[in-house]
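Please read the structure below before turning to the comments.
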Amino acid sequence: MVLAEAVQTLAGNDPAGLLPAREQMALSLGWHIVLAAFGVAFPAMIFVAHWRGVYRNDDVALGLAKRWGKVAAVLFAIGAVSGTVLSFEMGLLWPGLMGPFGDVLGLPFAFEGLAFFTEAIFLGLYLYGWGRIPAKRHLLMLLPITGAGIFGTYCVIAVNAWMNMPVGFRMEDGNVVDIKPWAVLLNKGSVLQFAHMWVAAYMVVGFVVAGVYAAGMLKGRRDRHHRLGFTIPLVFASVAAVLQPFVGHLLGLRIADRQPAKLAAFELALETESPSPLRLGGVLIDGEPRFFVDIPRIGSIIARNSLTKPVEGLNTIPPEDRPPVNITHLAFQGMVGIGTLLMVAVLIYWLWRWRGHDLSQNTWVLRFAVIAGPLAVVALEAGWVATEVGRQPWVVYNVLRTRDAAGDNPDLWLLLVATAILYTGLTVGAVIVLRSMASRWRAGEEDLPSPYGPEPEPVRADASDSRRSS
């Protein structure tokens, strides 16, 4: 309670629950979004490996699919816990949002729950269908897993897009009326925002999985199992890395009209300039930008698709409606910078491969592949920070401020501590389980008793003798 009171003093007149609610949502979303990316993209990669195994009689690919399916089961189980935490947090942390707008957001959250159960059912069928379901029918179990993961993610992204472009209701005398629940799912802003997240998921999962096999190859495991395990996810990641700048550009064009304050923070534009420069780096110190490089005109081309249209400056936005500029700007530039680096890297890799050079045997290429996974995760997190922090001070843009959505309960700090402990335990548990599975696979144990079960105890000679005598 002493800590809560001290924080409340620093927070001034804000509700006591605002700061812990923000910190907990940042922790929960930042942790869960990586698992959500695996739910979206990993089943498609498993499908490719399994398809190759069935239709090309490739035992190595089939073995990859079987192992990846068990890894997916572990990640799904952990994601189910963190997703459940998030569902409770929405009501506990943001009563001012879920109270008046619960009827608006109820439909996409309900559909997300149905998608989750569909994914769980077919994941169970896929896991325990090995040797029990005909091969081609067993392969088809991956399609509803993939579809449910995509649809469930779309429902969640649709809610976030609604926060940026609220539709499906009217405000009358401070009350939410004329509710149209389907409008949230059909919001025009949902499609591009989902596409951005969908492609990002393939980048994250593709680079992370490829990095695991690259690490194995650096340790001398250059067999076909590792080469195929490196190549399949890298193909997905490469396509996504090339597509992402174009999807992001289309999404950014909409921000200029819908959220000019966010775009101004992205570009660190304090004043309106025509044409606007592209500002690389830089932070605000005492209200002045420092440590940046301007590239003339490029800001207008990238942000407005024009040679002359300006980026509206922050000086045109009331101070109380401006987002935290430094966090938003650095997160946005971090996302774009890492995305550009990964795009250039995969283009060079495939160009050299097309010219007959197998860079998968190059030590430096493999080292870069190992760090590409964490870099993709950082880009994903930075993009989410840019999206969420850039919308502040609004939780529902131009309708509901974040401080008005929070509760006034200082004990939420205890919930934050409990959540941090839970996520730490889940992280440690996931690492232990996955490392145990990997070590046992390397030792030749292909058919584990369960995705993560203990080793079977050996039968003692005296016990077997007693059974025979009886």
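The values are calculated or read from the model by the stated rules, or taken from the named source; none is laboratory data. For clarity, every value in this text was computed on a predicted model and none was experimentally measured. Heads up, the Cβs are rebuilt from the backbone with ideal geometry, glycines too, and the neighbour counts pull from every protein chain shown. SASA here: full protein model, heavy atoms, side chains in, ligands and nucleic acids out. Shrake-Rupley method; radii C 1.70, N 1.55, O 1.52, S 1.80 Å.
Structure data summary
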{"item": "Residue, nearest to N398 (Cα to Cα), within region 302-326, restricted to residues that are buried (at least 18 other Cβ atoms within 10 Å of the Cβ) and under 28 Å from the mean Cα position of the chain (by Cα)", "result": "P323"}
{"item": "Residues located in region 309-341, provided they are among the hydrophobic types (A, V, I, L, M, F, W, C), modelled with pLDDT under 90 and assigned to a helix (DSSP H, G or I)", "result": "L314"}
{"item": "From the options K180, K136, residue that is loosely packed, with under 15 Cβ neighbours inside 10 Å, more than 25 Å from the chain's Cα centre (by Cα) and closer than 29 Å to L250 by Cα", "result": "K180"}
{"item": "Total residues in region 349-360, condition open to solvent by 40 Å² or more (accessible area, probe 1.4 Å) and in a helix (DSSP H, G or I)", "result": "5"}
{"item": "Test: A6 is small (G, A, S), at pLDDT 90 or above and either part of a helix (DSSP H, G or I) or crowded, with 16+ Cβ neighbours inside 10 Å (or both)", "result": "no"}
{"item": "Some residue of region 334-348 being farther than 15 Å from M203 by Cα, surrounded by 12 or more Cβ atoms within 10 Å (Cβ to Cβ) and in contact (Cβ under 8 Å) with a residue 60 or more places away in the chain", "result": "no"}
{"item": "Residue list for region 48-86, filter: surrounded by fewer than 20 Cβ atoms within 10 Å (Cβ to Cβ) and under 17 Å from G147 (Cβ atoms)", "result": "V48, W51"}
{"item": "Some residue of region 92-100 being open to solvent by less than 50 Å² (accessible area, probe 1.4 Å), within 21 Å of the chain's Cα centre (by Cα) and closer than 22 Å to Y423 by Cβ", "result": "no"}
{"item": "Single match in T363, T340 (criterion: of a type in the set (S, T, Y) and more than 23 Å from R227 (Cβ to Cβ))", "result": "T340"}
{"item": "Condition met for V365 (modelled with pLDDT of 90 or more and in contact with a Leu (Cβ under 6 Å, 6 or more places away or on another chain))", "result": "yes"}
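Residues are listed down the side, and each one gets a yes or a no for (1) modelled with pLDDT of 90 or more; (2) touching a helix residue (DSSP H, G or I) at 6+ places or on another chain (Cβ under 8 Å); (3) β-branched (V, I, T); (4) not in a loop (DSSP other than H, G, I, E, B):
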{"residue": "L86", "(1), (2), (3), (4)": "no, yes, no, yes"}
{"residue": "F101", "(1), (2), (3), (4)": "no, no, no, yes"}
{"residue": "L105", "(1), (2), (3), (4)": "no, yes, no, yes"}
{"residue": "G131", "(1), (2), (3), (4)": "no, no, no, no"}
{"residue": "H138", "(1), (2), (3), (4)": "yes, yes, no, yes"}
{"residue": "M163", "(1), (2), (3), (4)": "yes, yes, no, yes"}
{"residue": "F194", "(1), (2), (3), (4)": "yes, yes, no, yes"}
{"residue": "V199", "(1), (2), (3), (4)": "yes, yes, yes, yes"}
{"residue": "Y202", "(1), (2), (3), (4)": "yes, yes, no, yes"}
